[in-house]
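What follows is one structure encoded as structure tokens, with my remarks underneath.
The values are calculated or read from the model by the stated rules, or taken from the named source; none is laboratory data. Here the structure is a predicted model, which is why all the values come from computation and not from measurement. Ideal geometry is used to build each Cβ from the backbone, glycine not excepted, and the neighbour counts take in all protein chains shown. Side chains are part of the model used for accessible areas, which takes the heavy atoms of the whole protein and leaves out ligands, DNA and RNA. Shrake-Rupley method; radii C 1.70, N 1.55, O 1.52, S 1.80 Å.
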Amino acid sequence: METMRVVGCSASNGIDITLSKVLGVDLVKAELTRFPDGEIKVKVPEFKEKIAVIVQSTYFPQEKNLFELVLAAQALKGKHIIAIIPYIAYARQNRSFSPGEAVSINSVLDIIECAGIKELITVNPHKSEPLMRFNGKIGIVDAAGTLAKKIGGNFDNPTIIAPDKGGIGIAKKAASVMKCDYTYIEKHRNIYGSVSIKKTHGGNFRGNDIIIFDDVISTGGTVEQAARFAYDHGAKSVSVAAIHLVMVKGAYEKLQSSGIQKIFGTNTVPFDRADTIDIASDIASRINKIGTKGVSKEK
Ligand code: R5P
């Protein structure tokens, strides 16, 4: 792959380094500085390769990290740009939940496209369909299988639960890798954002090691309530695995107070109090496979 160069931005969380190793291509670091008024400036050292693979996640501070990606793409004008955005921000605001609300993910995709990015690869966005707005090529990595492989050996008698119906896909995939049962519970979020659990759709909790499997932990409210529910229904232990450990302030304490024993995740977002896996290899294989527009989930 001598025609390709990996360009690491400041929010790549090490994925740029492992990705360049896995792909066997050189890495260059984009240089980020700030003007005295706070504006950011990005400079990418010149290189000869025609394809630039920019790695930049868009966790907090989301706007700065997104704009840094845009500036890196601008600095690389003339090259074929592939953006790796391991965690894509604003994906949960994929519709107007009340009249007048902006559909934020649409704007994120429009900005990425305007920046000259031709291919976009991301990991477990909240929903895949809204990303189809992007006119370039798109690759979606499903890290659930890789994450499940990593945690499999930690439990005697696991049952996986998705904390809402929307999460059943990754729970099913994880369960097939771990060769165990899975189910989902029903979550209700009130207008103030508080979460409560309504009922279970089967699955044996009593005496089992419950693993709550979700795409993202943000405030921790969902996992906290799901864990309490599982213990109330006789779980022996409750742990959590999530692709994106966004973990806003106070989330870790919520998980602890609900009796969560182990936290597993990936390195799409930095969080040092969990057992995390590097998903650079999954991304590398997606770079090699990308080539058609449409949801192309990792099998
Ligand atoms: C929701 O549909 C997602 O899959 C997550 O369950 C949710 O976003 C987690 O948010 P929080 O940690 O704030 O409850």
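Limited to the range 85-120, what total is found for residues that are aliphatic (A, V, I, L, M) and in contact with an Asp or Glu (Cβ under 8 Å, 6 or more places away or on another chain)?
First pass over the range 85-120, keeping only residues aliphatic (A, V, I, L, M): 85, 88-89, 91, 102-103, 105, 108-109, 111-112, 115, 117, 120.
After this cut, where a residue has to be in contact with an Asp or Glu (Cβ under 8 Å, 6 or more places away or on another chain) as well, the list is none.
Residues meeting the conditions: 0.
For a quick check of your reading: which helices (runs of 4 or more DSSP H) sit entirely within the range 126-239 and have at least 1 residues that are open to solvent by 20 Å² or more (accessible area, probe 1.4 Å) and within 15 Å of the ligand (Cβ to nearest atom)? Steps first, answer last, please.
Details: elements: 144-151, 168-178, 221-232.
So the answer is 168-178, 221-232.
Mind listing whichever residues of the range 204-217 are more than 27 Å from the chain's Cα centre (by Cα) and under 20 Å from Val177 (Cβ atoms)?
If we filter the range 204-217 for residues that are more than 27 Å from the chain's Cα centre (by Cα), which is where we start, we get 204-208.
Passing the criteria: Asn204, Asn208.
Has the range 16-39 got any residue that is assigned to a strand (DSSP E or B), in contact with a Phe, Trp or Tyr (Cβ under 6 Å, 6 or more places away or on another chain), open to solvent by 30 Å² or more (accessible area, probe 1.4 Å) and charged (D, E, K, R)?
For the range 16-39, residues assigned to a strand (DSSP E or B), in contact with a Phe, Trp or Tyr (Cβ under 6 Å, 6 or more places away or on another chain), open to solvent by 30 Å² or more (accessible area, probe 1.4 Å) and charged (D, E, K, R): absent.
Mind checking which residues of the range 105-123 are open to solvent by less than 30 Å² (accessible area, probe 1.4 Å) and either touching a Phe, Trp or Tyr at 6+ places or on another chain (Cβ under 9 Å) or not assigned by TED's automatic domain parsing to the domain that holds Leu19 (or both)? Can you show your working first?
First, the residues of the range 105-123 that are open to solvent by less than 30 Å² (accessible area, probe 1.4 Å): 105, 108-109, 112, 115-117, 119-123.
Within the range 105-123, Ile105, Val108, Leu109, Ile112, Ile117, Leu120, Thr122, Val123 qualify.
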